Amino acid sequence: MTRSPLGGLMAPAISTFDSATGDIAREPFQRNLRAHLAMGLDGILVAGSSGEASLLDCAERRQLTEWAREVIPAHQWLLTGTGSESTRLTISRCKDAAAAGADAALVIAPHYFLKRMNEEALLTHFRAVADASPIPVLLYNMPLYAHLVLSPALVHAMAQHENVIGMKDSAGNLPVLEEYLGAQSDSFTVLTGNGATAAGAVHRGARGAILAIALYAGLPVRALMDAALAGRHDEAAQLQVTMLPLATEIAGAFGPAGIKAAMDLVGLDGGTPRAPLLACDAAERAKVEAVLRSAGMLPVA
């Protein structure tokens, strides 16, 4: 079966951990994926920011990708985060992802040596990764965690590479997104990763989204994206207002801990994050619950 075009609505799956051992846990991970796909998602990202990628070792990334491929049909996208601080390690992770069944690799910029990560260094890194990766590559713009912004010039340059098929832009800066969209073509797709501005991003031309809020609010986020992608922009904008607290006051405020708390509350398998991340405390969990309830994701108390 032919895989669907890159776009639509995908979600960055959480990584589930055994409460006793701390090891990655297969059954809750796959249960979550089946639930996400049943809500109409077009694909899954494994080992992204919401999946606590920086806290996973290489073997765990491979294993999660293999487990995801067992659940995700061949016509739907499976992306794996492969970025690291080393070009060599990033290439190795791309090869691992390919062997485990991923369709494409999502590559965040190296950023530990931030002062040396100028345009030349980043272009050299991304080109080397794209040259060597056995699967297509997507650029990942995530200033919150990488502490740098991929320049529009870099995106336009990398969009010409035959093995670079798109990017995920999680910044939520719509004017900069518009500059990225100038690189969009038949072979390069721009996806938004920002739940607070998803409708606006699609209105401007983004072909889809990879959204953490879809992990705990799959059906309403699917409705928002359907409206936006169909050009019903007034409807999408209204739905975006409802979705805004779900994005800013859960995933935005608390990161993976908030996402996992929200998933637990809506009946999915969240669990605790991996150390050094701490689970939401009682007050934070109450805030997450209140936001979900206000958005209609939980029964009125």
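Read the figures in this text as sums done on the coordinates, not as results from a lab. Quantities reported herein were computed from a predicted structural model and do not represent experimental measurements. Cβ coordinates were reconstructed from backbone atoms using ideal geometry, including for glycine residues, and neighbour counts include every protein chain displayed.
With springs only between Cα atoms under 10 Å, which of Ala227, Ala290, Ala121 fluctuates most in a Gaussian network model of the chain?
Fluctuation is largest for Ala121.
Which aspartates and glutamates, on any chain, are close to Lys115 with Cα under 15 Å apart, when same-chain ones fewer than 8 places away are left out?
Glu85
Summarise the long-distance tail of P(r) for segment 8-230 by giving the % of C-alpha pairs beyond 24 Å.
Result: 38 percent of Cα pairs exceed 24 Å.
Considering the chain as a Gaussian network with a 10 Å cut-off on Cα pairs, which listed residue, Leu177, Leu89, Leu106, attains the greatest mean-square fluctuation?
Looking only at Leu177, Leu89, Leu106, the biggest GNM fluctuation is shown by Leu89.
Which residue, Ala198, Ala153, Met167, has the largest displacement toward the positive end of the dipole of segment 141-224 when charges sit on each Cβ (Lys, Arg +1; Asp, Glu -1)?
The Cα lying farthest towards the positive end belongs to Ala198.
Quickly rank 277-285, 178-186, 133-141 as a protection proxy: mean count of other C-beta atoms within 10 Å, highest first.
Values: 277-285: 14.2, 178-186: 16.0, 133-141: 22.6.
Highest mean packing first, the order is 133-141, 178-186, 277-285.
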